[in-house]
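The values are calculated or read from the model by the stated rules, or taken from the named source; none is laboratory data. Keep in mind it's a predicted model, so treat the numbers as computed, not measured. Cβ: placed from backbone, ideal geometry, glycine included. Neighbour counts: every protein chain shown. In case anyone asks, the SASA skips ligands and DNA or RNA and just uses the protein heavy atoms, side chains included. Shrake-Rupley method; radii C 1.70, N 1.55, O 1.52, S 1.80 Å.
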Amino acid sequence: MDILENYSLRELNSFAISANSRYFVALDEVQEIQEFLEIDQYRALPRLILGGGSNILLSGDFDGITIKVNVMGKELVSEDDDYYYVKAGAGENWHQFVLYCIDKGYSGVENLSLIPGNLGAAPMQNIGAYGVELKDVFHELEAVITESGEPITFSNNDCVFAYRNSIFKSEAKGRFIITSVTLRFSKKHVYNTSYGNLEQELEAMNAGSLSAKVISEAVCNIRNRKLPNPAEIHNAGSFFKNPIIPNEQFEQLKEQYPDMVSFKSSETDVKLAAAWLIDFCGWKGKREGDAGVHENHALVLVNYGKSNGSDILNLSFEIAESVKKKFGIDLEREVNLV
Ligand code: EPU
């Protein structure tokens with residue numbers, strides 16, 4: 001394994017922030033990860049585990065070791081009367097995996113088409129879009145314990161999945177390196193097209209009968225229209241989570257702002273569209289130097305070229321402050337700050 005020094009992470013984060021890592025190593029095999037964790041010289045250093053780099057904001061140089069997990073491979077590992085079980089390496093690209101599943105006839109991840117990032121990062125924030133979350137198809141994952149190098153398996157319940165959250169993003173942050181993920185696809189899958197603009201898109205496409213392929217195409221159409229391609233305009237998708245507030249607070253806000261966009265979250269809570277709140281505060285399309293709010297989607301912060309992490313972070317603080325002032329609502333970051 002090659003352990004490199006003073007390594008630029010610019011090409012490895014979708015915000016394209018220029019920042020260096022003191023050390024960097026790319027690891028292709030589980031065994032290699034275990035061997036690396038045994039090297040004393042690096043054991044005490046802060047670690048940054050990197051997947052696709054599509055959900056991080058680098059606030060500056062990283063004074064530790066960046067580990068890029070490149071464990072590859074995808075295969076059907078078993079099946080029973082009800083399910084297909086498909087395992088993929090943490091280094092596999094998520095969207096390519098979705099296309100592979102559609103091609104093989106495994107339905108359940110079509111709504112999650114075109115989400116940037118790798119398989120290993122998908123459970124971290126329980127990726128979700130168009131009415132589906134990873135947890136709906138997640139079976140188990142394999143990881144390595146960073147302290148001991150021992151392998152460990154996590155079931156769906158063990159991961160404590162919640163809206164854009166899991167044990168790996170909260171209590172257990174940094175304690176495990178995810179190496180593979182196994183998803184469970186129902187043989188009697190029911191397509192989920194209930195998310196408002198997905199239904200509209202499918203109608204507009206006039207595609208006839210539903211299939212995973214058609215739904216995936218519809219999702220790609222919507223995403224391509226609204227969300228900037230990170231390869232062209234550097235961004236990390238939604239910067240904030242959609243805030244969840246109690247019904248009573250929502251009723252009061254709704255009186256003042258009748259057009260406020262909301263979704264039922266539970267019997268007692270409502271999820272608000274952070275994009276609508278930010279848009280209402282006038283941020284869409286605003287730019288401060290090279291840091292900006294995308295012109296088609298107010299939840300997406302972008303780096304137009306030379307912004308550094310603090311430019312983006314400062315812009316995000318200003319946005320959160322104005323939303324707090326206008327609506328009394330705290331926005332929580334979705335992107336991981338490094
Ligand atoms: N809206 C505005 N202004 C905007 C953009 C959107 O008012 O500039 C309104 C829309 O009209 C819509 C509502 O806000 O009524 C919600 O917008 P959208 O459907 O685009 O979804 P979102 O809530 O902003 C979430 C996820 C996305 C996911 C989409 C689709 C979060 C934090 N974000 O966004 O995930 O693709 O739903 O399911 O939950 C990501 O996590 O990086 C991500 C892109």
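Under a 1.4 Å probe, what is the accessible area of the chain per residue, stated in Å²?
Working: 16080 Å² over 338 residues.
Per residue, the chain has 48 Å² of solvent-accessible surface.
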### Task
For Asp2, put the label point 7 Å out on the Cα→Cβ axis and report which residues of the stretch 69-101 keep their amide N under 17 Å from it.
69-71
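When only C-alpha pairs under 8 Å and at least 6 residues apart count, what is the relative contact order of the stretch 234-337, in percent?
Relative CO of the stretch 234-337 lands at 32 percent.
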### Summary
The alpha-carbon center of the stretch 1-77 and that of the stretch 219-275 are separated, in whole Å, by 32 Å
### Message
Please state the shape class of the stretch 4-43: rounded when a/c is under 1.5, otherwise prolate if a/b exceeds b/c and oblate if not, all from the C-alpha gyration tensor.
### Response
oblate
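Apply 1/(1 + (r/R0)^6) to the Cβ-Cβ distance of Asp40 and Asn157, taking R0 = 41 Å, and write down the FRET efficiency to the nearest 0.05.
Working: r = 35 Å, r/R0 = 0.87.
That gives a FRET efficiency of 0.70.
Keeping to pairs on different chains or 8 or more places apart, tell me how many lysine pairs in the stretch 203-282 have Cα atoms under 21 Å apart. Provide the component values of the computation, followed by the final result.
Details: Lys213/Lys226; Lys226/Lys241; Lys226/Lys271; Lys241/Lys254; Lys241/Lys264; Lys241/Lys271; Lys254/Lys264; Lys254/Lys271.
Lysine pairs satisfying the spacing and distance rule in the stretch 203-282 number 8.
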### Summary
Between Glu318 and Lys187, the FRET efficiency computed from the C-beta separation at R0 = 45 Å comes out, to the nearest 0.05, as 0.35
## Note on the structure
Summing +1 per Lys or Arg and -1 per Asp or Glu among the other residues with Cβ less than 13 Å from Phe36's Cβ gives -4
### Task
Relative to the compact-globule scaling 2.2 N^0.38 Å, provide the ratio for the alpha-carbon radius of gyration of the chain.
1.01
### Two-decimal log10 I(q)/I(0) for the stretch 121-208, as the Debye equation yields it once each C-alpha is a single scatterer, q = 0.12, 0.17, 0.23 Å⁻¹
-0.46, -0.75, -1.10
### Query
When the helix-only estimate is applied to the chain (DSSP H runs of n ≥ 4, each -39,500 (n - 2.57), divided by the residue count), what is the mean residue ellipticity at 222 nm, nearest 500 deg cm²/dmol?
-7500 deg cm²/dmol
### Virtual spin-label span in nm between Ser170 and Arg333, 7 Å along Cα→Cβ
1.8 nm
#### Entry: Counting all C-alpha pairs of the stretch 223-316, share separated by more than 20 Å (%)
42 percent
### Task
Measure off, as a whole percent, the carbon and sulfur share of the 1.4 Å-probe accessible area of the chain, all protein chains present.
45 percent
